[in-house]
1. Between 75, 69, 62, which is out of contact with any strand residue (DSSP E or B) (no Cβ under 6 Å at 6 or more places or on another chain), surrounded by 14 or more Cβ atoms within 10 Å (Cβ to Cβ) and over 18 Å from residue 132 (Cα atoms)?
2. Please tell me if residue 80 is over 30 Å from residue 108 (Cβ atoms), in the same structural domain as residue 114 (by TED's automatic domain parsing) and at pLDDT below 90.
3. Kindly evaluate residue 51 against the criterion of being closer than 27 Å to residue 105 by Cα and either surrounded by 11 or more Cβ atoms within 10 Å (Cβ to Cβ) or modelled with pLDDT under 90 (or both).
4. Would it be correct to say that residue 106 is modelled with pLDDT under 95, buried (at least 17 other Cβ atoms within 10 Å of the Cβ) and in a helix (DSSP H, G or I)?
5. Out of (1) over 17 Å from residue 55 (Cβ atoms); (2) surrounded by 12 or more Cβ atoms within 10 Å (Cβ to Cβ); (3) under 15 Å from the mean Cα position of the chain (by Cα), what's the single condition that is false for residue 101?
6. In segment 17-45, how many residues are modelled with pLDDT under 90 and either under 16 Å from the mean Cα position of the chain (by Cα) or within 17 Å of residue 128 (Cα to Cα) (or both)?
7. When both residues are 6+ apart or on different chains and their Cβ atoms are under 6 Å apart, which pairs have a first residue that lies in segment 42-71 and is in a loop (DSSP other than H, G, I, E, B), and a second that is exposed (fewer than 15 other Cβ atoms within 10 Å of the Cβ)?
8. Quick check: is even one residue across segment 83-95 in contact with a helix residue (DSSP H, G or I) (Cβ under 8 Å, 6 or more places away or on another chain), surrounded by 15 or more Cβ atoms within 10 Å (Cβ to Cβ) and outside any helix (DSSP H, G or I)?
């Protein structure tokens with residue numbers, strides 16, 4: 001009798017474990033739309049982390065543009081280069097945001113398969129990583145250039161993260 005109860009207990013635990021795994025598999029195989037939306041929402045979360053930092057970049061570009069007028073000749077090229085890096089990061093963000101809207105899986109389902117949607121979302125994830133990298137490079141370049149300047153009060157050289 002004890003053996004039968006033990007067997008039933010082990011079988012019941014195994015069934016529960018299989019059910020939990022089965023649910024996860026079922027979500028991805030039977031509900032591809034859920035996976036699409038989960039991926040899209042993750043990308044939107046990345047956007048929401050990057051976007052607030054754009055204001056900091058604009059402040060830095062403004063400060064560098066003002067400083068450029070009075071900067072020593074040996075710093076002119078570095079100032080111009082840093083402003084260009086900041087502008088490139090901002091432009092990358094704007095381009096990515098324009099492309100992100102049409103990548104909404106709800107819209108894409110009208111004309112694309114699940115695989116095509118997931119491929120497009122993978123491209124959006126790559127673009128998010130690229131924008132993050134450009135923002136980091138812009139902050140590093142500005143921080144290096146402005147680290148010895150006394151008039152950078154009120155401008156955060158450290159990227160904001162929410």
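The values are calculated or read from the model by the stated rules, or taken from the named source; none is laboratory data. What you see is a predicted model; the values in this text were computed from it and never measured. All Cβ positions, even for glycine, are placed from backbone atoms using ideal geometry, and neighbour counts span all protein chains on display.
1. 75
2. Considered against the rule, which asks whether it is over 30 Å from residue 108 (Cβ atoms), in the same structural domain as residue 114 (by TED's automatic domain parsing) and at pLDDT below 90, residue 80 comes out as no.
3. yes
4. Spelling it out, it is not the case that residue 106 is modelled with pLDDT under 95, buried (at least 17 other Cβ atoms within 10 Å of the Cβ) and in a helix (DSSP H, G or I).
5. Of the numbered conditions (1) over 17 Å from residue 55 (Cβ atoms); (2) surrounded by 12 or more Cβ atoms within 10 Å (Cβ to Cβ); (3) under 15 Å from the mean Cα position of the chain (by Cα), the odd one out for residue 101 is (2).
6. 0
7. Listed pairs, sorted by first residue: 52/160; 52/162.
8. No, that holds for no residue.
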